[in-house]
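Enquirer: If you scroll down you'll find the structure; I have some questions about it.
The values are calculated or read from the model by the stated rules, or taken from the named source; none is laboratory data. Owing to the predicted nature of the structure, the values given are computational and were not obtained by experimental measurement. Backbone-built Cβ (ideal geometry, glycine too); neighbour counts: all protein chains shown.
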Amino acid sequence: MAEASTVALSPETVLAEMKKNAVSHIVWLPDSETNWLYLLMKAEPSLTLVGVSREGHACSIASGLAAGGARPMILIQNTGLQESGDSLRGWLLGMNVGVVIMVGYRGWTRHGVTTDTAATYTEPFINAYGLSYYLAENDADAPRISVAFEEAEKSKRPVVVLVGDEYHGFNR
Amino acid sequence: MMRIAEALAAFKPHRGDAIVVPGRGGRYWVELTDNEKMDVPLGDPAMGGHAGFALGLALAQPKRRVVLFDSEGDILMSLGMLTTIAEQAPANFYHFLLDNEVYATTGGQPVPNAKNVKYDRLALAAGYPRAQAFDKLDDFDRALPEILGRPGPVFVALKVYPEIENAPIGSRVRWNRRSRTQVIADLRGEIGIGS
């Protein structure tokens, strides 16, 4: 387990980043990275979880939350990010919403051989929308989440954090 | 059936201090409103999202009533949103649906199964505690005090006449006098939150 804490992005670390950045609402659809994180978020009284059934819905909900003075964060998988294209365009970019989108990077191998097309198209998709993004693979990368929050707030644009830590860490 | 402007005019006396998201009824509502800064006419940022946006507003501002005029084309694109709204169950959320049975802004082609979808029943099946449907203006007018006098969420489907636009989008007259950025800035200023 000691090894896991050094190689994984632990759910406790992510929750701490959410609290540090005063997140009020998590708009999310579960993915294979986040079941342990779900239990932690559910137990955290400062967070309201807003579950969606299709990831594009998260964009319009986050847009309304931000307009009303809340501080949402979106938590989805890369498959869902790609599904969300028009909502991302209209409800986040078009409405100048500075929100962090934490994206489970399904298929990420970091070895240069990617067989899962969900991963193949992830970064080209993000680049097509001109979004800034950061990769977080382990706890040492966690400060990048705060960097993403700062950048989103300053630029009034969505900023992506790719979570390259599938099937361990978040999932245990 | 009723005209969209008639339905909105019937609602107007009951508005109080509610935030109004007029959706595709925006071009009629901007001519009726007497509290523009509490209105959120956005046009169409991306189809299917007005309900999500209004839900977000309602969750962020739980002490203020949020009234949405959605459309059936939008909600058909996001039926799952009904389950999210029902689960969150914001007591300050009033969800009206303008059902003209067509995609009016693209020339009036019918939405799928236009004549047969019971949107109020879809809302109830998704978990809304209350839902109603009206196709006569008088009935809607009489029911409004009760609809708005009780806690939400509530879903109210209204059959409206299609008012079809056929002009090319580039040559249509812009009905919204404010940019989306200005709309949000005005709202935030009015409800006392920072930029």
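Enquirer: Could you please give the count of residues in the range A:19-75 that are outside any loop (DSSP other than H, G, I, E, B), more than 14 Å from every other protein chain (Cβ to nearest Cβ) and either surrounded by 24 or more Cβ atoms within 10 Å (Cβ to Cβ) or not aromatic (Phe, Trp, Tyr) (or both)?
Expert: Adding up the residues that qualify gives 9.
Enquirer: Tell me, yes or no, whether the range B:36-43 has at least one residue that is touching a residue at least 12 places away in the same chain (Cβ under 8 Å), aliphatic (A, V, I, L, M) and assigned to a helix (DSSP H, G or I).
Expert: yes
Enquirer: Is it the case, given these coordinates, that B:Gly48 is assigned to a loop (DSSP other than H, G, I, E, B) and either under 12 Å from the mean Cα position of the chain (by Cα) or at the interface with chain A (Cβ under 7 Å from one of its Cβ atoms) (or both)?
Expert: Yes; evaluated as a whole, the condition is true for this residue.
Enquirer: Against the condition more than 16 Å from the chain's Cα centre (by Cα), surrounded by fewer than 18 Cβ atoms within 10 Å (Cβ to Cβ), in contact (Cβ under 8 Å) with a residue 40 or more places away in the chain and under 12 Å from B:Gly73 (Cβ atoms), how does B:Gly108 come out, does it pass?
Expert: Yes.
Enquirer: How many residues, within the range B:59-75, are surrounded by fewer than 18 Cβ atoms within 10 Å (Cβ to Cβ) and either in contact with a Gly (Cβ under 9 Å, 6 or more places away or on another chain) or within 10 Å of another protein chain (Cβ to nearest Cβ) (or both)?
Expert: So the answer is 2.
Enquirer: Would you be able to say whether some residue in the range B:28-37 is more than 14 Å from chain A (Cβ to nearest Cβ), in contact with a Ser or Thr (Cβ under 9 Å, 6 or more places away or on another chain) and over 25 Å from A:Ser84 (Cα atoms)?
Expert: no
Enquirer: Determine whether the range B:162-184 contains at least one residue that is part of a helix (DSSP H, G or I), within 14 Å of chain A (Cβ to nearest Cβ), touching a residue at least 60 places away in the same chain (Cβ under 8 Å) and more than 27 Å from B:Glu87 (Cβ to Cβ).
Expert: Looking through the range B:162-184, at least one residue is part of a helix (DSSP H, G or I), within 14 Å of chain A (Cβ to nearest Cβ), touching a residue at least 60 places away in the same chain (Cβ under 8 Å) and more than 27 Å from B:Glu87 (Cβ to Cβ).
Enquirer: Of B:Ala86, B:Ala91, which residue is more than 8 Å from chain A (Cβ to nearest Cβ), surrounded by fewer than 20 Cβ atoms within 10 Å (Cβ to Cβ) and either assigned to a helix (DSSP H, G or I) or of a type in the set (Lys, Arg) (or both)?
Expert: None of the others qualify; the one that does is B:Ala86.
Enquirer: Is at least one residue of the range B:120-130 within 23 Å of B:Gly16 (Cα to Cα) and either within 16 Å of the chain's Cα centre (by Cα) or surrounded by fewer than 13 Cβ atoms within 10 Å (Cβ to Cβ) (or both)?
Expert: no
Enquirer: In the range A:80-119, what residues are in a helix (DSSP H, G or I), surrounded by fewer than 24 Cβ atoms within 10 Å (Cβ to Cβ), modelled with pLDDT of 95 or more and among the polar types (S, T, N, Q)?
Expert: A:Gln82
Enquirer: Please go through the range A:30-59 and pick out each residue that is closer than 27 Å to A:Gly94 by Cα and at pLDDT below 95.
Expert: A:Pro30, A:Asp31
Enquirer: If you check every pair at least six apart or on different chains, which have Cβ atoms under 6 Å apart with a residue in the range B:147-158 that is in a loop (DSSP other than H, G, I, E, B) first and a residue that is surrounded by fewer than 18 Cβ atoms within 10 Å (Cβ to Cβ) second?
Expert: Cβ pairs passing all conditions: B:Pro151/B:Ala91; B:Gly152/B:Ala91; B:Pro153/B:Ala89.
Enquirer: What pairs come out if I take residues in the range A:85-108 that are at the interface with another protein chain (Cβ under 8 Å from one of its Cβ atoms) and pair them with residues that are surrounded by fewer than 24 Cβ atoms within 10 Å (Cβ to Cβ) and charged (D, E, K, R) whose C-beta lies under 9 Å away, six or more apart or interchain?
Expert: A:Gly90/B:Asp44; A:Gly94/B:Arg180; A:Met95/B:Arg180; A:Asn96/A:Lys156; A:Asn96/A:Arg157; A:Asn96/B:Arg180
Enquirer: Being part of a helix (DSSP H, G or I) and free of Cβ contacts under 8 Å to residues at least 40 places away in the same chain is the filter here, so list the residues in the range B:4-35 that pass it.
Expert: If the condition is that a residue be part of a helix (DSSP H, G or I) and free of Cβ contacts under 8 Å to residues at least 40 places away in the same chain, then B:Ala5, B:Ala9, B:Lys12, B:Pro13, B:Tyr28, B:Glu31, B:Leu32 are the ones that fit.
Enquirer: Now for a different question. Here are the criteria: (1) buried (at least 24 other Cβ atoms within 10 Å of the Cβ); (2) modelled with pLDDT of 95 or more; (3) of a type in the set (Gly, Ala, Ser). Tell me which single one B:Gly25 does not satisfy.
Expert: Condition not satisfied by B:Gly25: (2).
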